[in-house]
1. Taking the chain as the reference, fit the longest principal axis to its C-alpha atoms, fit the long axis of helix 56-66 to the helix C-alpha atoms, and give the angle between the two in degrees, 0 to 90, nearest 10.
2. How far, in degrees from 0 to 90, does helix 3-12 lean away from the longest principal axis of the Cα atoms of the chain, to the nearest 10?
3. Over the chain, what relative contact order in percent results from Cα pairs under 8 Å that are six or more residues apart?
4. Taking 0.36 nm per residue of sequence separation and subtracting the Cα-Cα distance, how much length would be gained by fully extending the chain between residue 55 and residue 20, in nm to one decimal?
5. Using the 10 angstrom Cβ neighbour count as an exposure proxy, how do 90, 75 rank, fewest first?
6. Binning at 10 Å from 0, report for the range 22-84 what percent of all alpha-carbon pair distances ends up in each bin.
7. Report, for the range 22-84, the % of DSSP beta bridges that are antiparallel, rounded to 5.
């Protein structure tokens, strides 16, 4: 997605509520993980990042909450989305009332 299209997407988003806790399970060099972190940073939502490649407990937790071994996995206030891109993340957040 080009910078202009991405910026237009962010300009049209409206935040309805702030998450209380965001945990992003990721791995180094995972482009979808890096995109998810950058997306969260862009809208100003801090998150705890757990590297499933370095931390076996984080890997196990990501598997338990998502039911799969792929990353990224994100947990937002107890809601889980696994193996996603930023378009799917935005849709997930809209579905659960965080964005309009």
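1. The angle comes out at about 60 degrees.
2. On a 0 to 90 degree scale, this one is about 80.
3. Over the chain, the number comes to 35 percent.
4. That works out to 10.2 nm of additional length.
5. Listed from fewest to most nearby Cβ atoms, that is 90, 75.
6. Reading upward from the zero bin: 25, 61, 14.
7. Details: 8 of 12 bridges.
Within the range 22-84, antiparallel bridges account for around 65 percent of the total.
Every read-out reported here was derived from the displayed coordinates using simple, explicitly stated rules and does not represent laboratory data. On a predicted model such as this, the values are computed, not experimentally measured, just so you know. Don't worry about glycine lacking a Cβ; one is built from the backbone with ideal geometry, like all the others, and counts go over all protein chains shown.
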